[in-house]
Each structure stands twice: as C-alpha cells, then as structure tokens.
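Taking it in order: structure first as structure tokens, then the write-up.
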C-alpha cells in the first residue's frame, strides 16, 4: 500500500479506508468488482496534513482552539462562542492559499480526469470522505468545475471539519478538537438520463432465479426513496430473458440543482415511455450477477445512465451492498404446508 | 374346557358394536382369506393400537384412529370420528405442532425408527430357539408381542403423517397442474427411488446373473423350484452358489412371505422355493434386462418431470410446492419400503418365535405339529409355556382349526351393517372421516360404473396405461410361476414378495387397492397399467380370457367371452 496524498479511485480498496475515508475506499472496491463508477480522484488525510502543516494552519487552529478553551469553550453554556470559534477556523482555512506543490498536484489530477472523460471543465461533486461517519462533516459541493474552483472547494470541505456541530461532537467524544484530518472525494457529476436500483432476487418471495430492475428518469433518489412508482422489470438471471415489464406513469423526477437536488416534472411525451431500454436492462443484470457471484449473496445496487456516454460506457454504479429482503423465515414454508394439510381435514 | 374368543374383548358383538358404528368395513386388503386365530389376535390388538397411537400422536383433527373387531377370521374396522367442532379445533392446534417434525426431518425420523425396530429384531433373533430353555422361549415370545406393539406404533404414526402429505399432494397437482393420478406425469413424479424392497429384488437379480456366470442356468431351467437346491448340490460350482444364496436369505430376503398379513406360510428362509423361482424367471427372461437400468430410467424420467412441473408452478408457490412434492415422494418410498422393515419382518419374527415354542411343545406332547401354535392365542401360549408337558392343547387346537376352516370356506362379508343402514350412508361416513389411510390404502376410491362404456369391470386407476393381454388369475404366490411375458395378473391383492414378477406383466387387475397400495406403487415403478378396486376381478375373470385394460378410464373389457 503506497501512501500518497492523492489517488485515482481505481487505486483504492477497503485497505485505504483510514487514509481516504469510507466513501472513496468503497468506490475503489466497486471498481475492483468490475463496476464502472463515476470517474474521480481522492485526497487522503496526508493531503490535509500537508496543507495544515505547510501553511502554518496547524498551529493557528490550535491557538484559536486553546484560546477558546481557556475562555471557557462549552457546548451547552456558550453556543455563541462555539459559532465564533467555528467561523474563525473555517475562515482561516478557506482564506489560506493552497501550498503551490499541492495545488499543482490537484491540478494534474483534475486535468487527468478531464482527459479520461473527454470533457473540458468537467463538473464535479466535491465531498468529504471520513474514515468513520461523523455528524456535521457531510459537506457536499455540486457542479464544481475548473481547477481553481476545485481547489477552493477542497479547502471548504477541510473547513467543514470545524462546523459547530463537528466541534461539539469532538468535545463530547473527548477527541482532539483542533486536529481533524479528513479525506476528500472529487468525482465527476453524472448527467443522468435515468437511474434506479437492481435487486438480484425477488425480495418478497426470496426467488433468487430472478432479478428486478427499477428505474425512473433523472437521478436515483426518486426510486430509492420510494416516492414515485418506478418502471419495473423482472429478468430471469440464467436465461437472461426479460420476463415482465411494467412501465409506470412517471410524473416526477429528481435532478441536480445548483446546491443539491430538486424534484421536477417529467415531460408529457416522456412520462409513459420506459426510462431504460432492453440492452441497458440486460447489461445492468449481467454486471449485478457478477457482483452477486463475487460476494455470494444477493445484491442491492444503484445504477445510473449518463446521457453523455454511449452504451455500455453510459452505465455507472454508485452503490452496491448485500440485499436486505424479507429473509425467508425459517419455517414459513412449513407453516404454509401445515396449513394446507389442515385444510384437508376441514372439507 | 371352554374355548376362548380368538381376540378377547375385540370379537365382533352385534348387540353393542353398532353403537360405536352402524357399519363395519372388512379389511379386504389384509384379512382375505381369513386369518389364523393367533395372527388375528396380533393384528386386531396392535394394528388397532397403532392406529389410535398414530392418530393421537399426530392429533389428527377428524379421526382418532380406527376401532377393530375380529369376526370369523376377518378384520372389521370402524372409524373413530371426532364430531365435536370444539374438539376438532383443539386437535387442529396440536396437529400443527405434532406434524412438524415429519415435515422437517422425514428421513431422519424414519431412519431412527428403522434402527430401533431392526435392533429389536436382532435381539429376538439372537436367541437360539433349539437350545433355549422353555422360560427363554416364552420370554422371546413375550418380547415378540411387545415388538409387534411397537412396530404398529411406528407404522401408523409414519403412515398417518406421510399419507396426509400424499393426499395433499394429489389435491394440489389437480388444482395447480390439472393432473390427477390417471396422468403418467403424476406417477413419474413419485417413482424412481431406491428402497429396501427394491434392493432385495435387485439382490435376487444379481444372484440370477451369478448363476448364469457360474454356468448354472440349465440347472435352474431344467429343475422345478423345490428341487433346485438338490440339483445345485451336485452341480459344479453349485455349492459355491448356494453359499451365496443362503447368505442372502439369512441377511436380506429370508423374512419374505407369500402373504404379508399372515404367519401360517413359510418364510423364504425356511422354504426358499419362491426365491429360486424368481431367479429361474430372471434366467428365462435373460439377465441382460437390468432392474437397475429400469430404476435409473425411472429416476431420469422423474427428474425431467419434476423440472417440467415446477416450470408450471408460479415462482412464489414453488418453494412450498417442492416441500410437498418431496413429502409425497417420501410417502411413496415409505409405502414400498415399510413392508420390509415393519409388517413382513415383524410377522416373520412372530412366526419364528411361535414355531420355536411349537417345536418344543410337539416334543413335550402338548400339540401334534409346530404350526398348531397358530391356532392358539397368547393367553393359551402362556398357559403351557413353561411346562408344555403338563398340558394337552390338542382339543383347543382342533376346535379352533375346525372353526378356521369353516371361515375360509364360507368367506366373510365386505361390510357388517346395522339393519336399515345403507351402503351409501356407510361410504359417506367413510369419506367424512377424511382419514388418509382409509382413503389411500384400505378402502381406496370407489369405482363408478359407467354403463355407456360397456366395460365388464369398473375400477380405479392405480398406474396409468392401456394394454391387452391374457388373464392369469393368481391367488397365492405359488401360482405366480404360470405367469408368462405380457400376461395380465388378476389377484385379490398383491404383496411385496410378488414384486419380481411385475417385470414380466403386461398389466394388473386387483380386487381391492388404492393409490398407495403395493400393486399401484410397483405398477408405477415398472410402468405397467394397474386397475384397482374392481371388487370381483378374481370372480369374473378366468385364465385364458383375453382382456383389454384401460387403466386411465379404470375399465376392463373381456375380448373373448
């Protein structure tokens, strides 16, 4: 394991969890299973250390914190002081220029990313990626495009480790207050034509011979949240035949907004069309089957189709995990059979 | 001296027994021709006990087993119905818990029982009857009684459980797949399993092959069954063959008897003539035919059919349907195998123990023939057990024997009914019991005469198919030798020791039977049509007739009246 300040996502795996955070390490794992995930790179905690040390911010932040503590930094007693301290630190971090060598490095990776996706000034999401999830450290900046903006937003994420909530959390947990290394994920924004989920089994009945693909136009949130009725396709996993298609009237979808996502209407002519074609469905099932085989358990995975790329490069994966399904209660069949037997005696 | 009832306490009594049930059904599958008194005593007491034990252990909601009576060598039964709806409900609740182990672990439970009962047999057989003391012989007989009691408990607990599953399976295949037991698919689903009875048949077949390899084929073909042993003794390699043969009889096939539900016929261990005849038959037919291949073929067919059938079941129903299918297959397998481990084996043990005492009693002067023991009941065996020289049991034996001969000549009626009670009412009560054993084995489905078909006999399908062939009416195992390839076997009922002959048959017609009785199961294994419950087949059909058998329709046509 090579310790670096910046990694391509495909260099990562679970082992890198402490270095680049959970989010990036997981994306690395997905790539290892043969999944295409949105392209991007990860800044490790070493980049944070480099930044804080080279700029003298490490001492400065310690000083701010020490002063605050000396004058009674207390979560319950003095919220005003908390807010003031947080603003002071975040301001210091965001105003401080990136050390030139680190800035050049980030720039190199961003150029690399532009080449990889063949899109100039490719828009990215810049997010925190902690080794453990920590409340208050969930800053996400969408639609960040251009080298300069990327660098600014990386600093914003680092600064987000000093939100009042994050500081309060560390005080309560008896963790160091002034030292909060965190990973940063810089990942291209998907232009989603449609997105959804696949379960590599039929969850209600535990039928593992079939997979179900559900999707809607736009981003996957509308499908994952269950707010709308998505299109739904049942595929026989061995024969690779689409056994049933149910195309829903999809009136709403979720799209990216300047800061976050919003719900919008699906156009009249589009709403009754399937959001995904047969080739895409079968490709999604094929990939999901491989992952299921790799892990040996049914999978619950999130996919998205990017309209800028051509099939099959258009299909990206953003999540894969063991499927939670109405796990067949150990005795469900037996109970049903017993019930049927009792019917025999009731004629 | 007063002659006791054959089955004290359970002799049919018109003055009181109609209070229990207005109709008593003859167990025609087992008690035709009439039983000897000793065998009747065993059957009536312990089959009755076993059925009530089984129904109670499983808490069957509608029936508490059967009551049995002995009348002139016949077994008569009435169902003990649960009529109170509240009691039925309470029994349903207990049934849910009681049936579960069988659903979850059929094979384990059955194997446990097999081990237990075979352990008892081994212990009984460990006593050398010729050197044992009178006290030991009597103790052996008492233990045999207890083993019989236990055998019937196991028998009926298992049978009630698995037949419930089988009835359910029949119903579901009808509902979900539209196939009933006239469909070849139905039977393919439940055949093609290995079982102990089949292994014994296979062993005999292997012996035939060995005989051929040893150059003994001619010795067999030129000699009648009862003289084969002597002929073999003087043939080259004959001794070597006999050693293997006797070993097989001792260990595997020796408990077979011509009649499953009796003790007055020799076991194959005592008289292996039927076994020699089976080998002879195989040699005549040519040993290139392989029982094993047949079985394999059925297995392949079964697996293919399972796949076909499952494809037609909705995915969400598949998992429990498969569970029921497996149980139904276990039922079919159990039906065929239990005869070996339970009925046949126990009856061979009763015969062995009784004859051990009998030989001693002959020596002591209490009776004239060892077989006379079968005309005594356990109370009388105890009377003279330790000191047979002090008692003369001849008058008891001769009076009973005279009675028994009278019963055999007269025959028994199929039903004893209270005056004014009709057959229709009786059948209705039977159907209302919903008792799976009554429906599947003893009584079966009643044939419906369909005059528009102009058939000579109407029965129900035991194994599907249509065939024409020459009738051979067979009452006893010794008559099996007259069977030629393609013949139609006509019999009151068939028993496990008849199985090998099925490979020669074109079809089977039995007077009584149901879809889980021997003729049906073995017919399905061999893929030949079987019509059952024609009631009067052995009366109407005669050797030399040619019949057309349409098992699918349950009809028999005589082609050369």
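Yes/no per residue for (1) in the same structural domain as residue B:276 (by TED's automatic domain parsing); (2) closer than 30 Å to residue B:333 by Cα; (3) surrounded by 20 or more Cβ atoms within 10 Å (Cβ to Cβ); (4) at pLDDT 90 or above:
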position	(1), (2), (3), (4)
B:200	yes, yes, yes, no
B:208	yes, yes, yes, yes
B:218	yes, no, no, yes
B:231	yes, no, no, yes
B:239	yes, no, no, yes
B:242	yes, no, no, yes
B:245	yes, yes, yes, yes
B:250	yes, yes, no, yes
B:255	yes, yes, yes, yes
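Could you please give the count of residues in the range B:95-114 that are crowded, with 16+ Cβ neighbours inside 10 Å and away from chain A (no Cβ under 11 Å)?
5
Conditions tested, residue by residue: (1) at pLDDT 90 or above; (2) closer than 19 Å to residue B:504 by Cβ.
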residue: B:269; (1), (2): yes, no
residue: B:275; (1), (2): yes, yes
residue: B:278; (1), (2): no, yes
residue: B:281; (1), (2): no, yes
residue: B:284; (1), (2): no, yes
residue: B:288; (1), (2): no, yes
residue: B:297; (1), (2): no, yes
residue: B:314; (1), (2): no, no
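State yes or no: is residue B:3 surrounded by fewer than 21 Cβ atoms within 10 Å (Cβ to Cβ), under 18 Å from the mean Cα position of the chain (by Cα) and more than 14 Å from every other protein chain (Cβ to nearest Cβ)?
Judged against the criteria, residue B:3 is not a match.
Give the residues of the range B:445-463 that are within 20 Å of residue B:524 (Cβ to Cβ) and under 21 Å from the mean Cα position of the chain (by Cα), sorted by residue number.
Step one: of the range B:445-463, the residues within 20 Å of residue B:524 (Cβ to Cβ) are B:445, B:447, B:459-463.
Once the filter is applied, which keeps residues that are within 20 Å of residue B:524 (Cβ to Cβ) and under 21 Å from the mean Cα position of the chain (by Cα), the range B:445-463 yields B:445, B:459, B:460, B:461, B:462, B:463.
Output yes when any residue across the range A:277-297 is within 14 Å of chain B (Cβ to nearest Cβ) and more than 21 Å from the chain's Cα centre (by Cα), and no when none is.
Checking the range A:277-297: not a single residue is within 14 Å of chain B (Cβ to nearest Cβ) and more than 21 Å from the chain's Cα centre (by Cα).
Restricting attention to the range A:285-312, which residues are in a helix (DSSP H, G or I), farther than 14 Å from residue A:215 by Cβ and in contact (Cβ under 8 Å) with a residue 24 or more places away in the chain?
A:286, A:287, A:289, A:290, A:291, A:292, A:294, A:295
Checking the condition more than 30 Å from residue B:56 (Cα to Cα) and not assigned by TED's automatic domain parsing to the domain that holds residue B:508, which residue from B:420, B:459, B:465 passes?
Checking each option against the conditions leaves just B:420.
Filter the range B:311-324 down to the residues that are surrounded by 14 or more Cβ atoms within 10 Å (Cβ to Cβ), within 11 Å of chain A (Cβ to nearest Cβ) and either in contact (Cβ under 8 Å) with a residue 60 or more places away in the chain or in contact with a helix residue (DSSP H, G or I) (Cβ under 9 Å, 6 or more places away or on another chain) (or both) and list them by number.
Within the range B:311-324, B:317, B:318, B:319, B:320, B:321, B:322, B:323, B:324 meet the criteria.
Tell me whether the range A:123-137 contains one or more residues that are free of Cβ contacts under 8 Å to residues at least 60 places away in the same chain and out of contact with any helix residue (DSSP H, G or I) (no Cβ under 8 Å at 6 or more places or on another chain).
The answer is no; no qualifying residue exists.
Of the conditions (1) surrounded by fewer than 22 Cβ atoms within 10 Å (Cβ to Cβ); (2) not in a strand (DSSP E or B), residue A:167 clears all except one; give me its number.
(1)
Each row is one residue, and each column tells you yes or no for (1) in a loop (DSSP other than H, G, I, E, B); (2) within 14 Å of chain B (Cβ to nearest Cβ); (3) buried (at least 18 other Cβ atoms within 10 Å of the Cβ).
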| site | (1), (2), (3) |
| --- | --- |
| A:194 | no, no, yes |
| A:198 | no, no, yes |
| A:235 | no, yes, yes |
| A:238 | yes, yes, no |
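What do you reckon, is residue B:342 more than 14 Å from chain A (Cβ to nearest Cβ) and more than 27 Å from residue B:121 (Cβ to Cβ)?
no
Got a number for residues in the range A:258-273 being over 11 Å from residue A:218 (Cα atoms) and free of Cβ contacts under 8 Å to residues at least 60 places away in the same chain?
Of the residues in the range A:258-273, 7 are over 11 Å from residue A:218 (Cα atoms) and free of Cβ contacts under 8 Å to residues at least 60 places away in the same chain.
Please go through the range B:426-436 and pick out each residue that is more than 13 Å from chain A (Cβ to nearest Cβ) and at pLDDT 80 or above.
Hits for the range B:426-436: nothing passes.
Could you list, ordered by first residue, the pairs with Cβ atoms under 8 Å in which the first is in the range A:98-121 and on the phi > 0 side of the Ramachandran plot and the second is part of a helix (DSSP H, G or I) and surrounded by 14 or more Cβ atoms within 10 Å (Cβ to Cβ), at least 6 apart or interchain?
Partner pairs satisfying both residue conditions: A:121/A:114.
How many residues are outside any helix (DSSP H, G or I) and buried (at least 23 other Cβ atoms within 10 Å of the Cβ) when one looks only at the range B:530-547?
Matching residues across the range B:530-547 total 6.
Output the residues belonging to the range A:320-339 that are at pLDDT 85 or above and either away from chain B (no Cβ under 14 Å) or surrounded by fewer than 17 Cβ atoms within 10 Å (Cβ to Cβ) (or both).
Answer for the range A:320-339, where residues must be at pLDDT 85 or above and either away from chain B (no Cβ under 14 Å) or surrounded by fewer than 17 Cβ atoms within 10 Å (Cβ to Cβ) (or both): A:335, A:336, A:339.
So for the range B:326-340 (the condition being outside any loop (DSSP other than H, G, I, E, B) and surrounded by fewer than 17 Cβ atoms within 10 Å (Cβ to Cβ)), does at least one residue qualify?
Looking for residues that are outside any loop (DSSP other than H, G, I, E, B) and surrounded by fewer than 17 Cβ atoms within 10 Å (Cβ to Cβ), one finds at least one in the range B:326-340, hence yes.
Check residue B:448 against each of (1) more than 14 Å from chain A (Cβ to nearest Cβ); (2) at pLDDT below 80; (3) not in a loop (DSSP other than H, G, I, E, B) and name the one condition it does not meet.
Every condition holds for residue B:448 apart from (3).
Would it be correct to say that residue A:228 is in a loop (DSSP other than H, G, I, E, B), farther than 30 Å from residue A:78 by Cα and touching a residue at least 24 places away in the same chain (Cβ under 8 Å)?
yes
Could you tell me whether residue B:48 is on the phi < 0 side of the Ramachandran plot and more than 11 Å from chain A (Cβ to nearest Cβ)?
Here the answer is yes, as residue B:48 does meet what is asked.
Only residues that are within 14 Å of the chain's Cα centre (by Cα), in a loop (DSSP other than H, G, I, E, B) and buried (at least 22 other Cβ atoms within 10 Å of the Cβ): list them for the range B:472-510, please.
Across the range B:472-510, the qualifying residues are B:494, B:495.
The values are calculated or read from the model by the stated rules, or taken from the named source; none is laboratory data. Everything numeric in this text was worked out from a predicted model, so none of it was measured. Methodologically, a virtual Cβ is constructed for each residue, glycine included, from the backbone with ideal geometry; neighbour enumeration extends over all protein chains shown.
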